[in-house]
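All remarks here apply to the structure that follows.
No value in this document is a laboratory result; all are computed from the given coordinates. Because the structure is predicted, anything quoted here is derived from the model rather than measured. Here the Cβ positions follow ideal geometry from the backbone for every residue, glycine too, while neighbour counts run over all protein chains shown.
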Amino acid sequence: MKKTLYAFLLCSLGLAGCQTKTSTETATSGTETTPATTPGSSMRPSPEATVLQQDTLNAVQDETVKKPATGNATSDFGVFFRNFEKTIQQEDAQAFNQYIDPARGLYIIDTPGAMPQFTHVQDIRQYKRFYQNLPFFTIKEYFKSCDLQPIATLPKVTCEGEDAYAQKGCFVADAVAFRKNTAVQYTELPAAQKKTIALTQLLVTKTVLHTASGFKFHFAQIEGQWRVLFIDLMIPCSA
């Protein structure tokens, strides 16, 4: 049953070929007062909630898009990503933190169990991975040699071979699959936090997939600057 649920969640995150806290704040904290969801209740949002979400999204997107691109905002994404990757390889927390949007922060997605967990981060030095409580920058042991290749659609998960993907490499594509994923709705987060995360997802425009590690990095251009909004450390085919 756990394996079936895990496979469904991977699908929701766009990892199974379904193309479709600063410090650290754990996403499962329930400090907000929110009506609990009773077992068996529908996860489908009400029409009123859908309209409200769309109106909010339109306002957020209008505010973001209308900002003129300045400085390094007009730089090629490939150049930006090489600099971003370098901060990981060199374990440069100060430089890495410059890529975190000060207003929205960074969400790191991982699976300490059957359910995904979203951890909100403002300072990457405060984040500890669920795997042996290791610092974030230990991901560089797996995240290597990212020769970025533009692609229309990210490779599908096959769970065959060393990389578990239909194609091997480091790819960048439009983040359409991630913008549509609903995995956050299946977490135990308060409704207000789920809404914030869902709206932040909709700002993401580019996804980078590193097939050797299975890690995904999701970026948005905000006020003329590239920002990393989500990092997905879930490993496909590991259940």
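Computed values, structure above
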{"item": "Highest-first arrangement of 103-116, 150-163, where packing means the average Cβ count within 10 Å", "result": "103-116, 150-163"}
{"item": "Out-of-range pairs (alpha-carbon distance over 18 Å; input K128/K195; K144/K168; K128/K206; K180/K206; K180/K216)", "result": "K128/K195; K128/K206"}
{"item": "Potential extension, Q89-A103 segment - 0.36 nm per residue separation minus Cα distance", "result": "2.5 nm"}
{"item": "Kirkwood hydrodynamic radius of the stretch 128-239, Cα pairs, Å", "result": "15.2 Å"}
{"item": "Listed peptides 182-188, 130-136 by packing density, highest first (mean Cβ within 10 Å)", "result": "182-188, 130-136"}
